[in-house]
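The values are calculated or read from the model by the stated rules, or taken from the named source; none is laboratory data. Values in this document were obtained by computation on a predicted structure and should not be read as measured data. Cβ atoms come from the backbone with ideal geometry, glycine included; neighbour counts cover every protein chain shown.
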Amino acid sequence: MARTSTIVKLPWKKSRPALIAAAAEDRLLSLALCCAATVGTVLFSFVSPQIIRYTVDSVIADAPLAAPAFVTRLVDSLGGTAFLRQNLWICALFTMGAALCSGLLNGVRRYAGIEIGETIAWRLRNTLYGYIQRLPYLWHVRCHTGDIIQRCTSDVDTIRNFLQNQMSEMLRIVCVFVVALVMMFSMDVFMSLMGLILMPPIFLFSLLYFKRVAREFARADAAEGDMQACAQENYTGVRVVRAFGRESYEMERFSARTAAHANIWIGTGKMLGLFWGAGDIMSGIQLIIIVAAGILRSVQGQLSPGTFLAFYTYCSWMIWPVRQLGRILSELSRALVSAGRIRDILAEEPETDAPDALRPEIRGEIRFENVSFGYAGETGESGDAAVPVLRNISFALRPGSTLAILGATGSGKSTLVHLIARLYDLPPGSGRITIDGIDIRRIARDHLRRHIGLCLQEPFLFSKTIRENIAASAGGLPLEDIRAAAAVAQVDGSIREFEKAYETVIGERGVTLSGGQKQRVAIARMLAANPPVMIFDDSLSAVDTETDTRIRAALKGRVAGAAVILISHRISSLMQADQILVLKDGETEELGTHRELVARDGSYRRIFELQRGERNG
């Protein structure tokens, strides 16, 4: 099945609650503290210009102190304006005190924002990771690993950065704007109107910019996902790249994706430059209007110097938040894009079991009853498609017996064993698969899979020690049990030749081991769990014939009571099985013992004679 570069939206998609809001529930105290500190920061920052206003107009000059009653009482308690005129350091001290309080509260605001952002990001990462573990196998098959990783890392970081830095900044901007308007209109209505002349155009420009830049951020995130997916594929398949001398081709492919990513950001940078340049011009014009109007009214005696200074300060403070609005909106657009990409994952339907799902004791009696199955192509839907992979497959396998499966590539061998482990579910009307007489769709998935050992042709090994890889199927195993499983898999001797034996750390995906060693370690991992159903999906393909024979001989005693399914292209590996199923184009071509199939004039006999002739030759 071909992979796509984007998350596949499966047809069973449903809406999910907003995780960010849920993650914030246990941080209400921090949120309240952040909001209170933000409001306090703004209020104390607006105190300083008022102190300077009263100092200039009523302390340095001799204008009457037109201040609120509590300010007048405070000044009188200190000795009046005459005393302050002789001790200007007191006014400076009050100004510094207001600035200090504003700074301290700003520190509290930022700390609370960091705590909120980090906590929500931590919960969001864990939720995403756990949710992805429960998504259907088909979803993982059709999605790029690099794109999934980007959504769980970069997109979560984007949301975290917004919550840490921009969320409280948005509240601060609103507070600054409201408090500035109140203070300005309380001092002079005409000057306040002059200070608002260009605010609507600046706000409208910021809003239009937000809508445009949101689309660019979405394109940039998609391009980054493609770039990470390309890198991940290259690093994972580095041996194939080196083996076929594809380094130049892979470099060009990665360079094309990085160039596309860079070009999008360069275009976005041009938009940012245009916005900030235009914002600077409009902000400068607005301040010029305030200065001109203030000077004119001051000359006419309608505005005091202190009030003019306070007006200029408040107007400059009010212009900056409006300009900042564009940057915050752009960050908001990035956060919304990231939240949408995360929501695409959370909208997928996870694997679920019915409330009455069974957890029976599993012995391993498997029965296929007219099973048909197929993949519905691009939608990612599985079921009885127009061109099914399996058609009317029927067989029975008892505990302690072995079923061997033979067939050409694409005949449905791997799909058949994936159905047993419910990696894919049979849709209604497509037959029935039972274990011990129970339809596997009624058995809880985790319970079923713990009792089925699946060893693949290309096993995945973790970047851990050999001991940890073998014990991964059943934690807490003593070294003796691990070595016993490795001995059956004919890999114990090879492991003990390593300098650190079972404590040897293997490379990513087992890259430091040979193909045969990886397969044998994977076999040992399955044997260590000792499940009642064991499936070998061509898992001895990289092992030489002599070792294959020794492994099969050792397995007879180890898996005597288990139901075994063995997939292989080697007749020598299959001929001792109790039953042999030959698949052709998803259908049962032959079913019987080795002796019965050799006696017939079919595909099995032709393959057997061909392989025997090759050995004799």
Among the residues of the stretch 427-457, write down those that are among the hydroxyl-bearing types (Ser, Thr, Tyr) and surrounded by fewer than 19 Cβ atoms within 10 Å (Cβ to Cβ).
THR434
Taking interchain pairs and intrachain pairs at least six residues apart, which have beta carbon atoms under 8 angstrom, with the first residue in the stretch 247-260 and free of Cβ contacts under 8 Å to residues at least 12 places away in the same chain and in a helix (DSSP H, G or I) and the second surrounded by 13 or more Cβ atoms within 10 Å (Cβ to Cβ) and of a type outside the set (Lys, Arg)?
GLU247/VAL241
Based on what the data block shows, is MET191 of a type in the set (A, V, I, L, M, F, W, C), assigned by TED's automatic domain parsing to the domain that holds MET318, in contact with a Ser or Thr (Cβ under 6 Å, 6 or more places away or on another chain) and under 18 Å from GLN286 (Cβ atoms)?
no
If you check ASN263 against the conditions, is it in a helix (DSSP H, G or I), modelled with pLDDT of 80 or more and under 21 Å from ASP221 (Cβ atoms)?
yes
Quick one: is PRO355 surrounded by fewer than 20 Cβ atoms within 10 Å (Cβ to Cβ), at negative phi and in contact with a strand residue (DSSP E or B) (Cβ under 8 Å, 6 or more places away or on another chain)?
no
The correct count of residues that are over 18 Å from ILE535 (Cβ atoms) and among the β-branched types (Val, Ile, Thr) in the stretch 449-469 is 2
Might you check whether a residue that is touching a helix residue (DSSP H, G or I) at 6+ places or on another chain (Cβ under 7 Å) and either modelled with pLDDT of 80 or more or more than 18 Å from VAL189 (Cα to Cα) (or both) occurs anywhere in the stretch 281-288?
yes
Taking the stretch 397-448 and the residues there that are touching a helix residue (DSSP H, G or I) at 6+ places or on another chain (Cβ under 8 Å) and part of a loop (DSSP other than H, G, I, E, B), the one that is nearest to VAL533 (Cα to Cα) would be ALA421
From the list GLY507, GLY557, GLY515, exactly one residue is small (Gly, Ala, Ser), at pLDDT below 85 and either under 24 Å from ARG398 (Cα atoms) or surrounded by 15 or more Cβ atoms within 10 Å (Cβ to Cβ) (or both). Which is it?
GLY557
The correct count of residues that are at pLDDT 85 or above and surrounded by 15 or more Cβ atoms within 10 Å (Cβ to Cβ) in the stretch 365-388 is 7
Just one listed residue, out of ASP538, ASP548, is at pLDDT below 85, farther than 17 Å from PHE395 by Cβ and touching a strand residue (DSSP E or B) at 6+ places or on another chain (Cβ under 7 Å), and it is ASP538
Of all residues in the stretch 522-580 being among the charged types (D, E, K, R) and part of a helix (DSSP H, G or I), which is farthest from TYR604 (Cα to Cα)?
ARG525
Out of the stretch 92-111, which residues are aliphatic (A, V, I, L, M) and either in contact with a His (Cβ under 8 Å, 6 or more places away or on another chain) or surrounded by 14 or more Cβ atoms within 10 Å (Cβ to Cβ) (or both)?
ALA98, ALA99, LEU104, LEU105, VAL108
Only one residue in ARG550, ARG612 is farther than 25 Å from LEU419 by Cβ, over 46 Å from the mean Cα position of the chain (by Cα) and of a type outside the set (Val, Ile, Thr), so which one is that?
ARG612
Please work out which residue is surrounded by the fewest Cβ atoms within 10 Å (Cβ to Cβ), limiting yourself to the stretch 31-45 and to residues that are touching a Ser or Thr at 6+ places or on another chain (Cβ under 9 Å) and of a type outside the set (Gly, Ala, Ser).
LEU43
Return the pair list, or none, for Cβ contacts closer than 6 Å from residues in the stretch 102-126 that are of a type in the set (D, E, K, R) to residues that are surrounded by fewer than 19 Cβ atoms within 10 Å (Cβ to Cβ) and assigned to a helix (DSSP H, G or I), at least 6 apart or on different chains.
GLU115/SER30
